[in-house]
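Just passing along the structure, written as structure tokens.
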Amino acid sequence: MSVFKYKIILGSGSPRRQQLLKDAGYDFKVQSLNADESFPGNLKAEQIALYLCEKKAEAYTENLKEDELLITADTIVWINDIVLNKPSGEFEAKQMLQLLSGKMHQVFTGVCITSAGKKISFTDETKVWFKNLSEAEIDFYIKNYKPFDKAGSYGAQDWLGLIGVEKIEGSYFNVMGLPVHKVYEELRKL
């Protein structure tokens, strides 16, 4: 948005987050951050996403200027008190998709907006219901779409989302990795 007084730095290499922020009309530069994505074992659900987005913000080593904002985010999938982050390979991706098949899970995205003198952090939750997925569908998806950079091993915007998601309660864009409506509201306040 040209009337926005801050220069936005998106601390994410995610092409989906970049596209969502671009589609919302913001000009920004991308700065991939190398942050360790481990978290304390006592954290649950949205606490994990919040912790990780703040950890990513701390990985930004440059000093923010008065007219700059850093946006970092982290998305997790939560089912049966288990967090599903990005799979390590085909075997783990298949396990995750089998776990999600025929069930409802929650997607939490934590967002941290940092300026030179302020930090705002928040989360968004979306509930997603999957149909029963066949082994052939799961294998086809993993082989052809290689969802290894996606929490829970799937993208709602690609083939598995198109054929497998029966219902969503909450923000679709949150499932893609950025609750744009909440980001917009927080940026408007600035």
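Throughout, read-outs are computed from the coordinates displayed, never taken from laboratory work. Only a predicted model underlies this, so the values are computations on that prediction, with no experimental measurement involved. Here the Cβ is made from the backbone with ideal geometry for all residues, glycine too, and neighbour counts use every protein chain on show.
Whose amide H sits under 5 Å from the amide H of LYS103, counting only residues 5 or more places off or on another chain, with H placed in the peptide plane?
PHE130
A follow-up question, please. Rounded to whole Hz and in sequence order, give me ³J(HN,Hα) for the stretch 71-84 from the Karplus expression 6.51 cos²θ - 1.76 cosθ + 1.60, θ = phi - 60°, writing x for Gly and Pro.
10, 10, 8, 8, 10, 10, 10, 10, 8, 6, 6, 10, 8, 10
Further question: With θ set to phi - 60° and the Karplus curve 6.51 cos²θ - 1.76 cosθ + 1.60, what are the ³J(HN,Hα) couplings of the stretch 55-68 in order, to the nearest whole Hz, using x for Gly and Pro?
Coupling constants for the stretch 55-68: 5, 5, 4, 5, 6, 6, 8, 7, 7, 6, 7, 4, 9, 10 Hz.
What number comes out for the charge environment of VAL128, summing +1 per Lys or Arg and -1 per Asp or Glu over other residues with Cβ under 10 Å away?
After counting each charged neighbour, the total is +1.
Helix-only mean residue ellipticity at 222 nm, the chain, DSSP H runs n ≥ 4 weighted -39,500 (n - 2.57), per residue, nearest 500. What is it?
When only DSSP H runs of four or more count, the value is -10000 deg cm²/dmol.
Among LYS5, LYS56, which comes first, then next, by fewest other beta-carbon atoms within 10 Å?
LYS5, LYS56
Let me ask another. Roughly how many Å is it from the Cα centre of the stretch 12-66 to that of the stretch 75-105, as a whole number?
Value for the Cα centre distance between the two parts: 21 Å.
Place a point 7 Å from the Cα of MET104 along the Cα-to-Cβ direction; which residues of the stretch 62-81 have their backbone N under 18 Å from it?
77-81
Rg and Dmax of the stretch 7-189 over Cα atoms: what are they, in angstrom?
In order Rg, Dmax, the Cα atoms of the stretch 7-189 give 16.3, 53 Å.
Moving to a separate point now. Sort MET176, MET104, MET96 so the one with the fewest other Cβ atoms within 10 Å of its own Cβ comes first.
Ranking MET176, MET104, MET96 by Cβ neighbours within 10 Å, fewest first, gives MET104, MET176, MET96.
What does the extension gain come out to for ILE168 and PHE148, with contour length at 0.36 nm per residue minus their alpha carbon separation?
5.0 nm
Can you work out the FRET efficiency for the pair VAL30 and SER134, with r the C-beta to C-beta distance and R0 = 41 Å, to the nearest 0.05?
0.65
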